[in-house]
């Protein structure tokens, strides 16, 4: 087989499509453990809330290409690098000339040890799970969400606006702990509370109680919270167990170069499963949808190159609108970074950037995202910030923005936040 790709998420599918563009004579086989390929994960909260229909989730529909074959419902059990072959769960073996690993992650389910779990508990990760959640919610209205990261917060906001009673539980001392500082998160927390979402911050799930047919309540911080539905959004871990004896893992991580090449020159990797290590000893885990897309494409382009090209940017920007509150995340603060902020909490605005050695290493804009493009540009280009740093945080005029249609605003935001070198 010319090229085999493991994983049909954003990274894997984009890798397959780019392979067909770059290496027109090569046969591409994509193996996906799920039953669905080509849907947009960031839209799953809207889908579960009944605000987006399933057909709108799919950005890819199979075309008539005899050199691209997608096999769904197939799991890879192990990798034999010496024989350049994959062992599948159906006892089949597949040979490869080049291989791209894009297996994604699997949800963390931090529940108490039990022989079985009552009905009404679901991880928020895949379309198959989202379908079950959507059906379940037709008759169940009290929801507890475990995890206050990007997925949990977004899910809470959409379900609350759809009329559900929602409680959100986060073990850290503020929401979005991987993306925002405590001060920035305070604005998000106040917004969610005004929407009617009950917040339990700095709390752990301690127990669950089941009724006759489903979950009845959950115990958090010593009190029982009513809930017939528990959605798990506590993050994920790389789905790399099948690589345990492959020699590709280092300290339990699938480490790749900035060119996305593994320790094996014939194998590249992309997406949520990888850790990118630079020659300076830095490690990055830029697990976002735009990065997955960019990595998948670059891995495909590098497959048969004698000198692979490196990613132009390792940043992990993200943007979202929580039912009226706009947020742009440029990156979490690195150890030792200086935090410069513009606090206009009374106006519903908090903007901050993180400086490391005089350069922007991350930041966040909450409530007013004007100037996000400039800040991101300065960050990815490593521009040294001199003079009045606060000027970069001053909200900028947005008059022209109101005259654009929703679709044009969306396209503009994509170009600003994710320049060509990231969207490539």
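Structural remarks
- Packing order of peptides 335-342, 292-299, 87-94, highest average first: 292-299, 335-342, 87-94 (average count of other Cβ atoms within 10 Å over each peptide's residues).
- Residue with peak Gaussian network fluctuation, the chain [Cα springs, cutoff 10 Å], from 83, 141, 20: 83
- Relative packing of peptides 216-222, 165-171, 383-389 - highest average C-beta neighbours within 10 Å first: 165-171, 216-222, 383-389
- Considering only 66, 45, 395, the Gaussian network model of the chain with Cα springs below 10 Å gives its largest mean-square fluctuation to 66.
- Stokes-Einstein diffusion for the range 149-241, with the hydrodynamic radius set to the Kirkwood value over Cα pairs and evaluated at 20 °C in a medium of 1.002 mPa s, equals 151 µm²/s.
- Rounded if a/c under 1.5, otherwise prolate or oblate - the chain, Cα gyration tensor axes: oblate
- Contour excess over end-to-end distance, with Cα ends at residue 241 and residue 131 and 0.36 nm allotted per residue: 37.0 nm
- For the options 65, 368, 173, a Gaussian network treatment of the chain with springs between C-alpha atoms closer than 10 Å singles out 65 as fluctuating the most.
- Inter-site label distance for residue 139 and residue 194 at 7 Å from Cα along Cβ, in nm: 3.8 nm
- Approximate spin-label separation residue 344-residue 80, in nm, with each point projected 7 Å along Cα-to-Cβ: 6.4 nm
- Prolate/oblate/rounded label for the range 100-219 (Cα gyration tensor, a/c 1.5): rounded
Read-outs throughout are calculated quantities, based only on the coordinates presented, and are distinct from any laboratory measurement. Keep in mind it's a predicted model, so treat the numbers as computed, not measured. As a convention, Cβ positions derive from the backbone with ideal geometry for all residues, glycine included, and neighbour counts pool all protein chains shown.
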